[in-house]
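All remarks here apply to the structure that follows.
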Amino acid sequence: MIQPLTEEKQFTRTPGSEGLIETQTLEVSIGPQHPSTHGVFRMDCVLDGETVVALKPVMGYLHRNHEQLAERMAWLGSMPYTDRLDYLNSMSNNWAYALAVEKLAGIKVPEHAEYLRVIMSELTRILNHSCVIGFMLQDLGAWGTPLLYAFRERERILDLFEAVSGSRMMCNYMRFGGVRVDMTSKDLAVAKNIVSRFPRFLDEFEMLLTGNEVLLARMQRIGILPKELAINASISGPMARASGVEYDVRKIDEYGVYGRLDFRVPVGNVGDVYDRYYIRVLEMRESIKILQQALHDIPAGPHVAPEVKLRNFKIPPGDGYGRIEAPKGELGFYLVSDEGGKQPYRYHVRPPSFINLTTLEDMCLGHKVADVVIILGSIDIVLGEVDR
Amino acid sequence: MGFIGKGLLDGMVVTARNFVGSYFDKERLVTVQYPEERVQTPENSRTFPFLVYDDNKNPVDTMRCVACKICETECPPQCIYIVMDRDEKGKPRQRPKVFDIDTSVCMQCQICVEVCPFDAIKMDNDYEKSRYGRFDELVEHLPDLLKSNEYYGRIKPTEATVVDAKLKAEKEKKAKKAAPAGAKPPTGSKS
Amino acid sequence: MAIPILFVLSVFLGIFAYTTLVERKALGRIQNRFGPNRVGRWGILQPIADGLKLLIKEDIVPRRADQFVHFLAPVIAVIPSILLFSVVPVGTRLVPVDLNIGILFAFAVSTVSVLALFMGGWASRNKFSLLGAMRAVAQVVSYEVPMVLAAVAVVMAVGSLSTLRIARAQSGGILNVTNWFVFRPWGFVGFVLFTIGAMAESARTPFDIPEAESEIIAGYHTEYSGFKFALFQMGEYLASIAMAGITVTMFLGGYNGPGSGPGWVGGLISMFWFFIKLAFMIVLNIWIRGTWPRVRVDQLLGFAWKVLLPMSIANIVAVGMWHYLTFRPLAWVATTLWLVLWFVTLSKLAATENVAPRTYRYAS
Amino acid sequence: METIFWILSAITVLGALFAIMLRNLVHCVLSLILFFLGIAGHYFLLRADFLGAVQILIYVGAVAVLMLFAIMLTRHVTGDEGPREVLGGKWWAGMGTAIIIAGLLWAIIRKDQLAQILPAGGAQTSMVEIGKAMVTDWVVPFEAMAVLLTAALIGAVVIALEEVIRRR
């Protein structure tokens, strides 16, 4: 928390260079309109020269009343709204919500649909991770080159999403008990093609970035998140794994058909921005492995459980929590159904970006303004999910 | 690791490769020059809903919508507004007098299409719907929304074939029962 | 006198305009997109369209800004950049002004440009602008020193500060090529040092810290719009082109090349070579801009003081060695060894434990 | 030439006056820079190119920028103008200084010393001559200056270090 700056607090010493000169602090409000806050997000920074001595994240500019909206409409009505949570990864958001509802209603999902969900969600993961690295490099001042390379590959995935679900980003693809549309054999071939060419892109991407000395100097030992803090602050996803926490919902819950697929979970040691960057690269490579298996093993069958009704879908009273390993971390939906069962009585989202964002000040203190933006970039927030 | 600066030079090799590649490799230069060239949208692609009618000569009478208001209730952002048409005596005519879709609110989720029992509302794939105004001009009224079944068949051939077959089967079933059509709306067939 | 000055004003302003276009096109291609291609064929009229657009744009001055300084800053940004061209020998028959202190004049003038950045940043009364101004001042002050020292090496070798004399000293040899200073050990090191310094001085990526878009919006020109903004851009581009010209003159043989000579024909050929080399430097700048991320301000200063400064001093010593070891092969070996030794030592010293390759494990 | 001289002189004097009379510290430094530039112009007018360039390089490029830097590390960098008394009430000190300088100048001009210092047609200085003079005739003062500056540098570092140690 930043106290309002009083007369006595005006002068500080720069951490690190203990008290060479007493300097005046400068309060800078980075955001809500700023090129690298990834949306309408504000950081109230207190700077000493260039060094951050206090930082307060201010959220809520994109608050859309998501949870309350969901509580006044039918279960299915929230599905398109979950697209808009983390608008880069609508597929995995859909899955998390569908999973929660299926748990609550006791719906069994057909095998074929489970594989389709895995394919879509892993495609979403590589899409998200490559774009996040691109955004991060944009914050690092790489003039958009890595970002546009990532977008070039993302384009192919989005084309596939459009061909399958009808929309590029707001897919609204999953339904309770399966998915809305089946993938045709043509779509599967496209997916296979994407998966087979993605490693080549990753190699090029890494050649551009991983060894780059400027990037190493900018990223390593910046914004370290200690393992204990990561656990205490309930950090999840690549960020937690970069700090050395071995936590992946795909391995713990083995939801869907992840139990059957062979993949590894990369874990970092230091927990700095570079680890968060590289863990994402490694995760993309693992996702490719998952995709290859899923596309190979996908069985025939119905794409949606036939007993699930679209209209008048009711759930017996009870509560349930469904969670998945979204690209950004553990995305969970907590739902309560009461007597009527036509709509959720309580609907709560556990948004990974929001919870990962809470440690922002701890990571930024003592670093420079230039580091703040890449630390924020490495958290990988989407304001739609932070503010809901 | 090689020498200091190798990573920097590697990066420059990559960008040079992309620079040259963008002149020769279609895979690298994915940009489309929009007004001149257009990407073929996939069949499933969706933008805003429209209402299907069967007979080109008489769109209003042959529209499939019966103003049952299911889509109005199910629409998550509640962008649909329907008023049922009534004749002079106030008897419902089973077709909408007003059918408005506020496209500034519509989020193109396709739920109205899924819940419609009459296959009356379908998703368009026309993405060039810019307007000058922000409010009234973005509301689509019944005349704008009505589009023929041929149009539907043209933009979404696979889906339309299935729908047509289904409707035809229903019609034949009804004909077998030999019940008079009466006030029932005419069901679609490929006319 | 008048004709060369007219030449400088027209040709280099034209080069500036089309550098912006080439930069946008090249960055576009590097990033797998087209770049501007709508205004005229291949976007050939884009600079004119940009200029018109900036001219007719509303000029917004913040209410609390220091009106006078705010107005003066963009003007001051352009003047030194244009003055810089006056000492760049474009061809054997075309030097705008042959000052006997040419290089010194160039440095003196280019330091003035930092005032513009400071004035613009300070007068805007914007905290981001202020940060940008502070960064600009720190950066330019630090990079001046290694840059001047890198130039001192050349001055020592030639024995004159005049840019024309420096260019002349690099003529001769096989095809007028082998005598370029860049083909000497000390010259190559000096070229690299000077190029880095010039990039930092004109705030080009990866040293575009004063206007780091992702960090401090647009730095010192956050609060500028319309033609004042255009003037800032113009000053920056002109300075970077002029610095490229000076680099060419000092290290890449200036106007020398196969066929250049004192006659009319030779003069035209020499101009051709000069502009080819200038284009090479500009393209190198653009290429680097499209590839590398930006360094951080403290890393930049550390790099200037801890790596570039010792290296440029070592380079001066190398020139001394070159001068006194008249037996050329020995001079080659000795200076190369000396410089490599310094490079290795400095890179060892500069490489801290912070930057190291990492290994990753997989969760059990 | 005459006109240029008068214009330059006006700029120089105005710059100097503004440097002490303006209220805003940054404005003062900017005026000081104007003054430095005016002096450099005078050097160029006297055909002392080298001195002129060095004047700009050192005074504008280094000294003034360091001043700006120092200002930016203090309060009021965002431009809050506080009241500032020009001479701190000690107007008599200023008057005294002015009288002394005027007297000296008068004495110099009256004795016609300037003509002896400057050869007719301006000083044809070149880099080479200055360099030669520095390492032949004036080598002892030159080295003495170098030692003095080095001592000052080391002294500054020592003072700063002491400060750091004391703070700890």
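Taking 15 Å as the straight-line reach from the Cα of D:K132, the aspartates and glutamates in range (excluding those fewer than 8 positions away in the same chain) are D:E143. For A:V308, nonlocal amide neighbours, meaning residues 5 or more places apart or on other chains whose placed amide H falls under 5 Å from its own, do not occur. Under 5 Å between amide hydrogens, built in the peptide plane, is the criterion, and for A:T25 it picks out A:T12 among residues at least 5 positions away or on other chains. Taking Lys and Arg as +1 and Asp and Glu as -1, the other residues whose beta-carbon sits under 15 Å from that of C:L284 total +2. Isolated cysteines in the protein assembly as shown, defined as those with no second cysteine Cβ under 4.7 Å, comprise A:C45, A:C131, A:C171, A:C364, B:C65, B:C68, B:C75, B:C109, B:C116, D:C28. In this structure, the pairs whose alpha-carbon distance is over 26 Å, taken from A:K328/C:K25; A:K108/A:K342; B:K97/B:K177, are A:K328/C:K25; B:K97/B:K177. Which lysines, if any, have their Cα less than 16 Å from the Cα of C:K306, not counting same-chain residues under 8 positions apart? Filter leaves C:K348. Along the stretch C:55-61 the Karplus relation, 6.51 cos²θ - 1.76 cosθ + 1.60 evaluated at θ = phi - 60°, assigns HN-Hα couplings of 5, 8, 6, 5, 9, 9, 10 Hz to successive residues, with x for each Gly and Pro.
Could you compute how much accessible area chains B and A hide from each other, both sides summed, with a 1.4 Å probe? Nearest 100 Å² is fine.
Chains B and A together bury approximately 2800 Å².
Using the Karplus relation 6.51 cos²θ - 1.76 cosθ + 1.60 with θ = phi - 60°, the per-residue 3J(HN,Hα) values for the stretch A:260-270 come to 8, 8, 9, 7, 10, 10, x, 9, x, 10, 8 Hz, with x marking Gly and Pro.
Taken about its Cα centre, the protein assembly as shown carries a charge dipole of roughly 1720 debye when the Cβ of each Lys and Arg holds +1 and the Cβ of each Asp and Glu holds -1.
Phi angles across the stretch A:348-360 convert, under the Karplus curve 6.51 cos²θ - 1.76 cosθ + 1.60 with θ = phi - 60°, into 3J(HN,Hα) values of 10, 9, 9, x, x, 5, 5, 6, 5, 6, 5, 8, 4 Hz, Gly and Pro given as x.
With a 10 Å radius around each residue's Cβ, average the other Cβ atoms per peptide and rank A:52-62, A:212-222, C:332-342, D:3-13, highest first. Kindly include the intermediate steps, with their values, before the conclusion.
Working: A:52-62: 18.1, A:212-222: 22.7, C:332-342: 16.2, D:3-13: 13.2.
Ranked from most to least packed, the peptides come out as A:212-222, A:52-62, C:332-342, D:3-13.
With contacts taken as Cα pairs under 8 Å and at least 6 residues apart, the stretch A:36-90 reaches a relative contact order of 22 percent. B:K91: which lysines have alpha carbons under 19 Å from its alpha carbon, excluding same-chain residues fewer than 8 sequence positions away? The qualifying lysines are B:K69, B:K184.
Each Lys or Arg adds one and each Asp or Glu takes one away; over the other residues whose Cβ falls under 11 Å from the Cβ of A:M59, this sums to +1. Each Cα pair under 8 Å and six or more residues apart adds its separation to the average, and for chain A the resulting relative contact order is 25 percent. Short-range pairs are left out: with C-alpha atoms under 8 Å and at least six residues apart, the relative contact order of chain C is 22 percent. Shielding of peptide A:158-167 by partners, expressed as the average count of other chain Cβ atoms within 10 Å per residue Cβ, is 5. Count Lys and Arg as plus one, Asp and Glu as minus one, and take only other residues whose Cβ is under 13 Å from that of A:Y345; the net charge is then -1.
Let me know the shape class of the protein assembly as shown, please: from the alpha-carbon gyration tensor, a ≥ b ≥ c as square roots of the eigenvalues, rounded when a/c is under 1.5, otherwise prolate if a/b is greater than b/c, or oblate. It is prolate, given that a/c is not under 1.5 and a/b is the larger ratio. Per residue, the protein assembly as shown exposes 45 Å² of solvent-accessible protein surface, assessed with a 1.4 angstrom probe and all protein chains in place.
Comparing A:F41, A:F263, A:F313 in a Gaussian network model of chain A where C-alpha atoms under 10 Å apart are linked, the largest mean-square fluctuation is found at A:F313.
Evaluate peptide A:367-379: per residue, the Cβ atoms of other protein chains within 10 Å of its Cβ; return the mean as an integer. Mind showing how you got there, number by number?
Details: counts 1, 5, 8, 12, 3, 1, 4, 4, 0, 0, 1, 0, 0.
That average works out to 3.
When both the stretch A:330-388 and the stretch C:21-93 are represented by their alpha-carbon centers, they are found 42 Å apart. Amide H contacts for A:L55 (H built 1.01 Å from N in the peptide plane; partners 5 or more residues away or on another chain; cut-off under 5 Å): A:V46.
For the protein assembly as shown, what proportion of DSSP beta bridges, expressed in % and rounded to the nearest 5, is antiparallel? Kindly include the intermediate steps, with their values, before the conclusion.
Values: 49 of 52 bridges.
About 95 percent, rounded to the nearest 5.
So which trypsin sites (Lys or Arg not before Pro) in the stretch B:117-154 pass both tests, a DSSP loop state and at most 15 other Cβ atoms within 10 Å of the Cβ? Passing sites in the stretch B:117-154 are B:K129, B:R131, B:R134.
Judged by the mean number of other Cβ atoms found within 10 Å, the most tightly packed of the peptides A:232-241, A:364-373, A:179-188, A:131-140 leads the ranking A:131-140, A:232-241, A:364-373, A:179-188. To put it simply, the accessible area of the protein assembly as shown at a 1.4 Å probe is 65 percent carbon and sulfur.
The values are calculated or read from the model by the stated rules, or taken from the named source; none is laboratory data. As the structure is a computational prediction, the values presented were derived from the model and not from experiment. Please note: Cβ atoms are built from the backbone with ideal geometry, for glycine as well, and neighbour counts cover all protein chains shown. What goes into the accessible areas is simple: the full protein's heavy atoms, side chains included, and nothing from ligands, DNA or RNA. Shrake-Rupley method; radii C 1.70, N 1.55, O 1.52, S 1.80 Å.
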